[in-house]
Amino acid sequence: MTLPGSGGSLTVYDACVAAITGTDLPPGEERSSHGWEHRPAGEQGRSSIERPSCFRARDDVVRGTQGWSLNARKQLTSLQRLQELSTELRTAQAIVDSAPGRIEEIESRFRERNAEYVAVRDRRDELDRDQQTRTTAVADLEEKRKKFMDDLMQVKNQREYAAMLREIDAVKAQISDHEEAILTDMEELEKVREELKQHEDHIAQEREKVAAERAEVESDAAAARTTIDRLSAERSEVESGLPGRITDRVRQLEDTRQGIFLASVEGGTCQCCFVRLRPQAFQEVKAAAKVHICSNCRRFLYFAPTLQNAERSDGPSPDAGATESGEIGAVNGGAV
């Protein structure tokens, strides 16, 4: 059957091939498994040497969000770089997030050491105030004793004289108590002032140390923010070349698998959950023929030596199995 208006030279099959490949077919020609094959106008059906489309290998291409293409091996290489970026981003973000806590820890440690200095300083101030209060009290008592001594000369009988002597003795006792306390304060104050001087020297050193440590933390956080901006830009560029279905799964796995969405395969075993792959799946992962995920932990799977060789050769995968929709194969059967 030919398409109307084609002059009998374009078959339905030719039109389907052109639509799938995005390539206009030359008049009277069609694509076969061996390249372009001429077919006389009016001849119907497939050529004798062309295999049905269900038996043809799928194109080794996946179109990214910006229109450029990646084969399965390059997809895995991009995922590997994406995992590196994700790990570095999480590390940098952890530095930024921990900065306030680190600063608080530094300041808390300084406050603890400073508390000893403050306690000694408060004790010195207390002794100074007590000494001044007692010195003032002694001066007042001396005035009072002097007044009693003057009044003693004016008493008229023995009873008043004895009462006045008792008042004078009481004042003398109070003066003696204050003077003794003042001496005690002076002795302690001398020790406290010496101790305070030592604390002041230590606190000055601690302040410098705290300032340096805080500056270091703030510098690390600033550098981490710069790193985050740079890595985020690179990550966006890498993600733009991957199918949306893959990037969506990557972000989902990052949230549920502590940031690890890519697992290496060694000896046919997933190195994250240690579930063994089927032999066929392992061979496909080993050849980077398809983008597989682990049926247990759901992470993407890759075989490190293959990707290392791909980086050195930078050549296309001969048997890639990714599709234009970003289809991913599960290791225990079925497309995800």
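Being of a type in the set (A, V, I, L, M, F, W, C) and buried (at least 17 other Cβ atoms within 10 Å of the Cβ) is the requirement here; does residue 275 meet it? Spelling it out, it is not the case that residue 275 is of a type in the set (A, V, I, L, M, F, W, C) and buried (at least 17 other Cβ atoms within 10 Å of the Cβ).
Considering 222, 263, 215, the condition of being over 25 Å from residue 110 (Cα atoms) and hydrophobic (A, V, I, L, M, F, W, C) is satisfied by 263 alone.
Quick one: which of 221, 211, 215, 233 is surrounded by 13 or more Cβ atoms within 10 Å (Cβ to Cβ) and more than 27 Å from residue 297 (Cα to Cα)? Walk me through it before giving the result.
Numbers: 211 fails: surrounded by 13 or more Cβ atoms within 10 Å (Cβ to Cβ); 215 fails: surrounded by 13 or more Cβ atoms within 10 Å (Cβ to Cβ); 233 fails: surrounded by 13 or more Cβ atoms within 10 Å (Cβ to Cβ).
From the options 221, 211, 215, 233, the qualifying one is 221.
Across the range 73-123, what is the number of residues that are among the charged types (D, E, K, R) and under 30 Å from residue 247 (Cβ atoms)? Give the derivation first.
Pass one, the range 73-123, residues among the charged types (D, E, K, R): 73-74, 81, 84, 88, 90, 97, 102, 104-105, 107, 109, 111-113, 116, 121-123.
Then keep just the ones that are under 30 Å from residue 247 (Cβ atoms); that gives 73-74, 81, 84, 88, 90, 97.
Result for the range 73-123: 7.
Values quoted throughout were computed directly from the atomic coordinates according to the rules given, and no laboratory measurement underlies them. Predicted model only: the values in this text are computed from it and were never measured. Neighbour counts are summed over all protein chains in view; Cβ atoms, including those assigned to glycine, are modelled from backbone coordinates with ideal geometry.
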